[in-house]
Amino acid sequence: MRLSLDEVRHVARLGRLAMTDQQCEAMRDQLDSILAHFEALQELDTDDVEPTSHSLDMANVYRDDEPAPSFDRDRILANAPKRDDECFRVPLIMEED
Amino acid sequence: MALEAIIGLEVHAQLLTRSKMFCRCSTDPSAGPNTVVCPICTAMPGVLPVINRRAVELVVRTGLALNCSIASHSIFARKNYWYPDLPKNYQISQYELPLCRDGYLDIDVNGQKRRIRIRRVHLEEDTGKLYHTAGNESRIDFNRCGVPLMEIVSEPDMRSADEAREYLVALRQVLRYIGVCTGNMEEGSFRCEPNVNVRDTESGAKTGISELKNLNSFRAVHQSVDFEIARHTRLLQRGETVPRQTRRWHPSDESRGGYTDVMRSKEEAHDYRYFPEPDLVPMRIGDDWLSEIRAGMPELPQQKRERFVSQYALTPYDAGVLTQSLEFAQYFEAAVAACRAGQVAEAAKRVSKWLQGEMSRLLNETGQDIADVPARPEHVAELLELVEEGKLTGTIAKEVFEEMFRTGKPAPQIVSERGIEVVGDASELERIVDQVLADHAEVVAKVKSGKTQSKGFLVGQVMKATRGQAVPQIVNDIIDRRLGV
């Protein structure tokens with residue numbers, strides 16, 4: 001196994017996912033096979049290959065600093081699970097520790 | 001134990017662009033909640049960011065001002081964390097290959113020059129604002145979400161709270177001079193997070209770094225750094241371990257002095273899983289673009305200080321005060337240029353004295369910026385020339401200036417509206433006063449013995465001798481000076 005159950009739980013926690021032990025085990029197996037797949041790439045010799053950060057061979061795609069009208073507030077708030085006239089509403093965030 | 005403090009500063013500065021970093025929403029800070037938001041800055045499904053060219057230029061400009069090397073090849077990265085003010089669940093930031101790195105800023109601390117190295121300057125986006133309500137909910141305003149934000153990270157080169165404050169003051173001055181940030185700490189357009197720990201230079205033992213938050217003034221930065229240095233020192237001397245932590249500053253109130261407490265332990269918080277941003281292609285800063293940005297660079301504070309010393313023969317201290325803000329320096333130069341005759345150095349000295357005296361006093365009293373003062377530099381030059389020519393005394397000039405400061409009227413207009421007419425020059429008036437004092441020795445003796453009400457008689461005599469043409473206040477001043485009362 002390339003991944004421990006604790007690592008899976010840690011990743012789940014970072015993503016704020018509540019997972020049962022059973023789900024963690026299933027996820028470990030799936031992630032493990034993905035990692036195994038990527039290991040195949042390690043066998044290639046890439047010493048002479050320049051690292052890239054993007055699949056497109058492009059650079060410098062910009063826009064000018066010109067503001068444009070924004071969206072109507074009601075449309076932006078339309079799909080919010082909870083809202084008031086002006087803002088999104090979310091449960092109060094408590095610092096863990 | 002020989003202990004020394006190790007302080008590095010992380011600064012976040014909102015860039016002065018008109019539109020956001022990756023969408024065209026306005027950056028207007030006065031807009032109502034959630035009125036400058038769109039699907040991109042609220043992370044609706046299927047949207048794509050596009051880089052604001054101006055924001056890149058402002059960061060490069062900052063890098064040049066801070067003596068950094070500018071990356072010819074730079075990329076954005078995703079910083080993953082989960083918090084409601086960040087709708088994508090990641091912030092587009094830079095990790096590897098930031099736009100600028102390895103620079104420095106020279107500062108002056110109590111007369112000593114110190115060089116603070118800059119580790120990196122990178123570009124990212126700001127988050128939304130959370131407002132806590134009375135109940136167990138928070139409200140979110142995404143107006144600020146996606147506003148271009150620049151992070152400037154120093155090396156841990158500072159050794160005291162004084163140095164940390166001076167670095168921050170000098171850095172803000174540079175950012176304002178080059179027009180990249182308003183530098184307003186109270187409004188949060190310029191934010192500072194110091195990293196503080198203490199080292200025993202003999203044993204090499206170190207405390208864990210405290211990252212300080214909730215600092216919205218220079219004073220808070222200074223006090224919190226001092227507090228942390230004392231806390232770390234105490235614990236290290238007792239042999240206790242000090243863990244790495246993020247701590248929140250609480251300013252002093254009636255019940256207790258300012259202090260820090262733990263927000264979170266650091267190991268857990270920093271797991272951001274950075275990776276190159278797949279939605280954005282790399283940035284390449286070629287020589288042409290770089291020279292274009294370089295050509296648009298204004299004079300920096302240090303250059304201006306040095307020029308003021310050589311061009312206007314000012315002391316380094318005066319040059320420092322006059323160049324504190326770009327607007328103040330510009331005002332000074334315009335006023336000197338508007339002075340007609342005489343040596344530049346003399347005019348500069350007069351203007352410098354006036355701006356540091358009367359102007360600064362009124363600016364402090366009214367809380368105004370010099371750029372908004374109705375009295376223009378040429379008006380100040382004109383006023384000072386009237387004084388120089390002996391047509392106004394210093395006292396009257398101050399009164400005239402107060403009105404000028406408020407209304408922007410030129411000095412001659414204020415003088416004629418108030419009916420201030422000065423007989424001859426100041427020395428002529430002084431001669432008349434001396435004559436009156438000599439003629440009324442017994443009254444002079446009374447005044448000197450404390451009967452100050454008798455002074456009115458002397459003033460009256462002078463007014464009579466000048467047929468009412470003198471300004472009573474000026475006469476009064478001269479008499480006071482002569483009698484030493």
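A:Asp85 falls short of the stated requirement of being in contact with a helix residue (DSSP H, G or I) (Cβ under 7 Å, 6 or more places away or on another chain), under 30 Å from B:Ser26 (Cα atoms) and either more than 9 Å from chain B (Cβ to nearest Cβ) or assigned to a loop (DSSP other than H, G, I, E, B) (or both). Please determine whether any residue of the range B:61-72 is under 15 Å from B:Leu280 (Cα atoms), modelled with pLDDT of 95 or more and assigned by TED's automatic domain parsing to the domain that holds B:Ile178. No, the conditions are met nowhere in the range B:61-72. Take the range B:13-28 and flag every residue that is surrounded by fewer than 23 Cβ atoms within 10 Å (Cβ to Cβ) and of a type in the set (Val, Ile, Thr). The one that is surrounded by fewer than 23 Cβ atoms within 10 Å (Cβ to Cβ) and of a type in the set (Val, Ile, Thr): B:Thr17.
In the range B:29-53, the residue that is farthest from A:Asp84 (Cα to Cα) out of those that are at the interface with another protein chain (Cβ under 10 Å from one of its Cβ atoms) and surrounded by fewer than 19 Cβ atoms within 10 Å (Cβ to Cβ) is B:Arg53.
Just to be sure I understand, how many residues within the range B:437-479 are without any contact (Cβ under 8 Å) to a residue 12 or more places away in the chain and not hydroxyl-bearing (Ser, Thr, Tyr)?
13
Among the residues of the range B:366-398, those identified as crowded, with 17+ Cβ neighbours inside 10 Å and in contact (Cβ under 8 Å) with a residue 60 or more places away in the chain are B:Thr393, B:Ile396. When the range B:121-145 is filtered for residues that are at pLDDT 95 or above and assigned to a loop (DSSP other than H, G, I, E, B), the ones remaining, listed by number, are B:Asp126, B:Thr127, B:Gly128, B:Phe142, B:Asn143, B:Arg144, B:Cys145.
Of all residue pairs spaced 6 or more apart or on separate chains, those with beta-carbon atoms under 6 Å, a first member in the range B:313-328 that is in the same structural domain as B:Pro377 (by TED's automatic domain parsing) and a second member that is assigned to a helix (DSSP H, G or I) and surrounded by fewer than 18 Cβ atoms within 10 Å (Cβ to Cβ) are B:Ala313/B:Ala345; B:Pro316/B:Val309; B:Ala319/B:Val309; B:Val321/B:Gln356; B:Glu327/B:Ala371. Evaluating B:Asp102 against the criteria (1) in a loop (DSSP other than H, G, I, E, B); (2) on the phi > 0 side of the Ramachandran plot leaves one unmet condition, (1). Among the helices (runs of 4 or more DSSP H) confined to the range B:206-314, the ones with at least 1 residues that are basic (Lys, Arg), under 30 Å from B:Val174 (Cβ atoms) and more than 14 Å from chain A (Cβ to nearest Cβ) are located at B:218-237, B:287-295, B:301-312.
The values are calculated or read from the model by the stated rules, or taken from the named source; none is laboratory data. Bear in mind the structure is a predicted one, so any value in this text is a computation, not a measurement. When we count neighbours, we look across all protein chains shown, and the Cβ atoms used for this are built from the backbone with ideal geometry, even at glycine.
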